[in-house]
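To keep things clear, I will list the structure first and then write my remarks on it.
The values are calculated or read from the model by the stated rules, or taken from the named source; none is laboratory data. Predicted model only: the values in this text are computed from it and were never measured. Reconstructed Cβ throughout: ideal geometry from the backbone, glycine too, with neighbour counts over all protein chains shown. For the accessible areas, the whole protein counts, side chains as well, though only heavy atoms, and no ligand, DNA or RNA atoms are used. Shrake-Rupley method; radii C 1.70, N 1.55, O 1.52, S 1.80 Å.
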Amino acid sequence: HTNAHMHMHTHTHTQVMNTPGGNSASAAELTVSLIMAMSRQIPEASKSLKEGRWDRKKFMGTELNGKTIGIVGLGAIGRRVAKACQALDMTVLGYDPLLSRTLAEQSGIVPVKLEELFAQSDLISLHTPLNSDTRHLLNKETFAKCKQGVRIVNCARGGIVDEDDLLEALNSGRVAAAALDVYESEPPKESSKALLSHPNLICTPHLGANTDEAQSKVAVDIAHQFVDAFEGRQVVGVVNSRILSELAARKELHSYIELAERIGSLQAQLIQGRLQRVELRTRGHELKDGSSLLKAAALKGILSQLVEESVNYINAPLLASEFGLEVVEVHENRPSVHGSSLTITFETENGERKLVGTVLQGNKPRIVQVDNFNLELAPEGELLFFKNQDKPGFLSAVTGILGKNDINISTLALGRQEDGLAVGCLGLDSRLNAEITDELKAMDGLQWMHPASLPLLGDHGTILQGMKVDETMPVLRPHDPNFSSGPCKKRPGYDLAKISTKTLGRSHRSKLGLNSLQQVIQKSRTILGVPDDYLVGIVPASDTGAFEMAMWSMLGERPVDVCHWESFGKGWMGDIKNELKLENVREFKADYGELPDLSQTNSDHDVVFTWNGTTSGVKVPNGDWIAADRKGLTFCDATSAVFSMPMPWDKLDVVTYSWQKALGGEGAHGMLILSPRAVERLNSYKPNRPLPKIFRLTKGGKLNMDVFTGKVINTPSMLAAEDCLDALNWLESEGGLPNAISRSEHNLKALTQFVNSKPWIHFLAKDAAVRSNTSVCLTLDLPAEKVKEMTALLEQEGVAYDIGAYRDAPAGLRIWCGTTVQTADVRILCDWIEWAYQKVNHKA
C-alpha cells in the first residue's frame, strides 16, 4: 500500500494492518545459519560428497567459539543475532547510531564506533536499512580496515556491500568468506556471475522471511487482528489508527508535520556519532497542541534512515523507546522571527547539530537555520551540506568539482558568521558518487561535508494529499477521549513510567511504605482543607467499603433519615433496611434528575445521603439545610464531589470517597473522614451486631487510631498509593482546591453553552442550582437504541469512551467533567456529539 492508499482508507474508516516482527526470527535464524555454514564450508563440503569425493582435509573449518562478531544495526533482527552468537560464546560488538550505550550493554553487546568494529571483528553481519550513508558501506576502503580473513554476512539490503569490491576482496583473501541473501539487483544480473560462482561465497535467493513459520505467523497475526477488529477489542498493528485520524483532523498542521518528517530524515542522514538525545522544540501558538503528531513525524523521518524495520507514524515512538532514545519536547508560545517554527536538535557523542524549519506562505516547508547559521532552503531532492572557512574561492572550488563531473546545481543557500565560518547547501540535479564525495571532502578549508537525499516536494504535496474527507466530521479530536464516570480520567500529562516504584515489593508497615500512606493522608487533608480536629484515614474496598464500614460501625444509636435520588443512595437505603435491619428509618427520595426536600430531615436523627448523585447528575447545592446544633450525625458519600465541589466540613460528620473518581486514581482503597462527633459516637456506642474485621473501627471499645495513621486494616496496593500521591502532587502544583473546583466548573460551563444552543439535547437535572459539575447527565430526543448507536459511534471514532448513561438511569449520556478533564476536550467533544447525533438521527 502507498501512503495515498492508506490515507484514503483512513477516511473511509477502513483499518490498514501490518504484522511487524512477523519475520524477525526467520531473518535472524537465516543469518546465524549462514554464519555457521560459512565457518564450516558446509555447502561446498556437501556438494563435494554428492559428487563422489571424500575431501575431509580440504574443508577445514573455523570455530565460532571465542571469535568476535561485529553487528552493524541493532534493531530487532540484529539483537536476535547477537543473542544467538552470545550463546555460542562469541564476543559481540555492536554499532548502531541509535541504540543507547546502556541498552546495548544490558544486552551483553559491546558498543563501539564503526571503525573499531571493522578493525576488531572476525565476522561482520549487516542489519541496517539502505540509505545514502549505508550504500556501499562495505567497499574496498572499508575492507582494508578489516582484519585479514574477515567473514561477511548480509541478509539486510542489497547495495550495502559493493559487490565488485567484495569479489576483489574474496580473490585477494582480505575477505576469507562471505554469505549473501540480498543483492544490488534482484535477481542478480549476468555481471554478478563471477561473484556468485566464487567458491568462498554462499548465496541464497532472498530467503530471509521464507519459512513456513514466518508466513504462518504473519497469516495468524492478521487473522487475530481481524477477529479483534470484528469483536471490538483493541487491534495491534493498525497503521492508520488514531494518529492518522489526528493527521486527517489537524489540517492546519499538515505542512509542519511534513516539515518535521523531512528535518528528522535530514538530521539522521547528517548524523556524526552515536545519537544520545533528540530535542523537539516548537514555537508559536499554532503548534501548541501538535507535539504528539510532530514527534511521531520527526521520529518516522529519523528512524526510517537508521533502522532496518519498517517505520510508520504508529510505531515510530515505540521503536524510539525500544532503542532507549531520549526525546525531549519543549514548546514556547512566543513565536520566533519566522513565526511558528520547529527545531530538531541532535546530541551525539561528537557534539550537537540543530536544524530549524518553518512553513512559508503557500504551505512551503523551509529550513531556515543550520546550527546557528541563518539560510533558507527547500528540504527536497539531492542536497549537499558543507561547513567551511569563509574565504574567497571556496564555493568556486566546490562548483568546479561538481561541474567537471557533470553535476548540475539547482539551488544554493549560504549562511555566514563573524567567526570566519560559513555553512552552505547546494541542491543538485543528480546524486553524488563516492569518488566525487571523496574529492570534495579533500578540499582545503572544509570542516565537514555530507550529502543527503529527500523526496521532491512537488512529487508528494502535503502528507494527506488525495484523501477523501467527510466534511461533516469535526476537524479537532479530544486530546484524551476518556470521559468515564469511574474509574475516571487520569490527570493531564499522566505517565505510568513516571510513577514512583520505590515502595513496590516493600512492606506497607516498613518505614518507607508507611511514609507513603501517611503522605496520602496528609496531602488529602491539606488540599481538601479538612479541619485539624477531624481524622482522615485509608480503608479497604474503595468508597463502597468506606461507607459500609461507617454505617455498620455507627448507625443504630438513633433514628435514621436516608435521602436518595439515584442508584448509589438507593443502595445505601437498601443496606440499612435489609442488611443492618434498622427499624426507625425514614426515606426521602426523588426521581432521576430531581432532588428531594432535604429540609424535611430531622437534625436529631442520623442523616445518610450522597453529596453528588453520580448516576443522576444531581448534587446538593450547599449544607444550609444541615443544623449546626444537630444531635445526629451526617453520613455523606462524597466520592464524586470531593476535589471538584466545596465541602462544608462543619456540617459533615462522616465523609467517604475513593481515589478513582475526582483524583483519576486507582480503585481498591477508600478514604474515611470523621468529625470529633463521629469519633465520640465510635467511643460510646457499640452496635448490637457482629462486625467483620474489615469493618472494625474500634479496638477494646475505643476508636482504633491505626487507620488514621497509615496503618491500614488490610494489605494495601502500594502502586495505587503512589499513583494517588502523583495525583495529589499534581493538584498542589496546579493551585490546589480552588483551581481544581474552577476547572470542573469550567467544564460544566462548556457543556451548558452547547446544550443551550441545541434543541435536541437536555440536562437530566433541569434545575441549574443542583446540576452536577462532575458527573453531567444528558438526555436526547432519540430512542434508547439510537443513543446506544451514538455512543458506539463516538467510541469507534476514538473520541469518547464510556459515556453512556448508567444502566438504571434514563437513556442518555453521562460525561465526567471532574478536575482532571480539560475544558478544551469538553468543547471538542460537544462537536462530536452533534456529529454523532446527526449521523444516527438521519440514518435510514
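Brief remarks follow.
- HIS5 fulfils the conditions (1) under 29 Å from GLY78 (Cβ atoms); (2) modelled with pLDDT under 90; (3) open to solvent by 40 Å² or more (accessible area, probe 1.4 Å); (4) part of a helix (DSSP H, G or I) except for a single criterion, (1).
- All helices (runs of 4 or more DSSP H) inside segment 58-167 with 3 or more residues being within 30 Å of GLU326 (Cα to Cα) and open to solvent by 60 Å² or more (accessible area, probe 1.4 Å): 76-87, 101-106, 114-120
- Which listed residue, of ARG630, ARG558, ARG586, is over 22 Å from ARG807 (Cβ atoms), of a type in the set (Lys, Arg) and open to solvent by less than 40 Å² (accessible area, probe 1.4 Å): ARG630
Rundown of residues vs (1) under 42 Å from the mean Cα position of the chain (by Cα); (2) more than 30 Å from LEU778 (Cβ to Cβ); (3) modelled with pLDDT of 90 or more, yes/no style:
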position	(1), (2), (3)
LEU384	yes, yes, yes
GLY415	yes, yes, yes
GLY445	no, yes, yes
PRO451	yes, yes, yes
LEU464	yes, yes, no
PRO474	yes, no, no
HIS479	yes, no, no
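- Number of residues in segment 811-838 that are open to solvent by 20 Å² or more (accessible area, probe 1.4 Å) and either at pLDDT 95 or above or outside any loop (DSSP other than H, G, I, E, B) (or both) equals 9.
- All positions within segment 604-627 that are of a type in the set (A, V, I, L, M, F, W, C) and either surrounded by 24 or more Cβ atoms within 10 Å (Cβ to Cβ) or in contact with a strand residue (DSSP E or B) (Cβ under 9 Å, 6 or more places away or on another chain) (or both): VAL607, VAL608, PHE609, TRP611, VAL618, VAL620, ILE626
- Flag: LYS686 matches the condition of being farther than 27 Å from ALA721 by Cα and among the basic types (Lys, Arg).
- Segment 654-688, subset surrounded by 14 or more Cβ atoms within 10 Å (Cβ to Cβ) and basic (Lys, Arg), residue farthest from TYR494 (Cα to Cα): ARG681
- Residues in segment 259-296 that are assigned to a loop (DSSP other than H, G, I, E, B) and open to solvent by 10 Å² or more (accessible area, probe 1.4 Å): ILE271, GLN272, GLY273, ARG274, LYS288, ASP289.
- You will find that of ASN729, ASN739, ASN756, the residue that is open to solvent by 10 Å² or more (accessible area, probe 1.4 Å), on the phi < 0 side of the Ramachandran plot and out of contact with any helix residue (DSSP H, G or I) (no Cβ under 9 Å at 6 or more places or on another chain) is ASN756 and no other.
- Being closer than 29 Å to LEU306 by Cβ, open to solvent by less than 50 Å² (accessible area, probe 1.4 Å) and assigned to a helix (DSSP H, G or I) holds for only one residue in SER192, SER185, and it is SER192.
- Restricting segment 362-405 to residues that are of a type in the set (Val, Ile, Thr) and in a helix (DSSP H, G or I), the residue that is most open to solvent (accessible area, probe 1.4 Å): THR399
- Verdict on LEU299 being touching a Gly at 6+ places or on another chain (Cβ under 7 Å), in a strand (DSSP E or B), modelled with pLDDT of 85 or more and open to solvent by less than 10 Å² (accessible area, probe 1.4 Å): no
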